[in-house]
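Structure first, then comments.
The values are calculated or read from the model by the stated rules, or taken from the named source; none is laboratory data. Computed from a prediction, not measured in an experiment: that's the story for all the values here. Cβ atoms come from the backbone with ideal geometry, glycine included; neighbour counts cover every protein chain shown. Ligands, DNA and RNA are excluded from the accessible area calculation, which covers all protein heavy atoms including side chains. Shrake-Rupley method; radii C 1.70, N 1.55, O 1.52, S 1.80 Å.
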Amino acid sequence: MTLLLKLLLLLWLVGINVEYQTSEIIVYDQVQLIDFTNPDNNDWLVVNQFTVIENKKDRRPDVVVFINGLPLGVANMD
């Protein structure tokens, strides 16, 4: 497993640190990207023929699964 993949998995499992301002103070918090405790709280989307343009080339996998706006899985049905 590559280092990048390990870091992405860690972010998904642990969450990411964020900061935001309320009234007059800056708040530091951690945001969970996926709710593993209550899966129904997540926003799931399955898309057929999702187009990605990279280096002026179209790529169009058959199925892409998103969870909370993040691509979770890609499948080609050849």
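Just to make sure I understand: if all protein chains stay in place, what is the order of Tyr28, Tyr20 by accessible area at 1.4 Å, largest first?
Numbers: Tyr28 160, Tyr20 105 Å².
Of Tyr28, Tyr20, the descending order of accessible area is Tyr28, Tyr20.
Got a number for the accessible area of Thr37? Probe 1.4 Å, square angstrom, nearest 10.
120 Å²
Put +1 on the Cβ of each Lys and Arg and -1 on the Cβ of each Asp and Glu in the chain; which of Leu11, Val27, Val74 then has its Cα farthest toward the positive end of the dipole?
Of Leu11, Val27, Val74, it is Val74.
With everything on Cα atoms, drop me the angle between helix 3-14 and the longest principal axis of the chain, reported from 0 to 90° to the nearest 10.
Tilt of helix 3-14: around 50 degrees.
Work out how much length Val18 to Asn48 would gain on full extension: take 0.36 nm times their residue separation and subtract the Cα-Cα distance, in nm to one decimal.
Working: separation 30, 0.36 × 30 = 10.80 nm, distance 3.26 nm.
Additional length available on full extension: 7.5 nm.
If I compute percent of Cα pairs over 18 Å apart from the structure I just sent, which labelled value in [x] 60; [y] 31; [z] 43 lines up?
Of the labelled values, this structure produces [x].
As a test of the formula, what do you get for the chain when each DSSP H run with n ≥ 4 contributes -39,500 (n - 2.57) and the sum is divided by the residue count, at 222 nm and rounded to the nearest 500 deg cm²/dmol?
Details: 1 runs with 12 residues, N = 78.
That calculation yields -5000 deg cm²/dmol at 222 nm.
Just need the relative contact order of the chain here, percent rounded to a whole number, with Cα pairs under 8 Å and 6+ apart.
Numbers: 102 pairs, mean separation 14.6, N = 78.
That works out to 19 percent.
Using a 1.4 Å probe and ignoring any ligands, DNA or RNA, find the accessible area of Ile53 and quote it in Å² to the nearest 10.
120 Å²
Compute the orientation-averaged projected area for the stretch 33-78 from the convex hull of its Cα atoms and round it to one decimal in nm². Before the final figure, lay out the partial values.
Details: hull surface 15.6 nm².
Over every viewing direction, the Cα hull of the stretch 33-78 projects on average to 3.9 nm².
Based on Cβ point charges of +1 for Lys and Arg and -1 for Asp and Glu, what charge dipole magnitude is obtained for the chain about its Cα centre, in debye rounded to the nearest 20? All intermediate terms of the calculation are to be shown ahead of the outcome.
On the way: 5 positive and 10 negative charges, 92 e Å.
In debye, rounded to 20, the chain gives about 440.
Using C-alpha positions alone, give me the convex hull volume of the stretch 11-53 per residue in cubic angstrom.
Values: hull volume 6.5 nm³, N = 43.
Once divided by residue count, the hull of the stretch 11-53 is 151 Å³.
Extension gain Leu70-Lys56, at 0.36 nm per residue separation less the Cα-Cα distance, in nm? Write out the running numbers ahead of the final one.
Values: separation 14, 0.36 × 14 = 5.04 nm, distance 2.25 nm.
Answer, rounded to one decimal: 2.8 nm.
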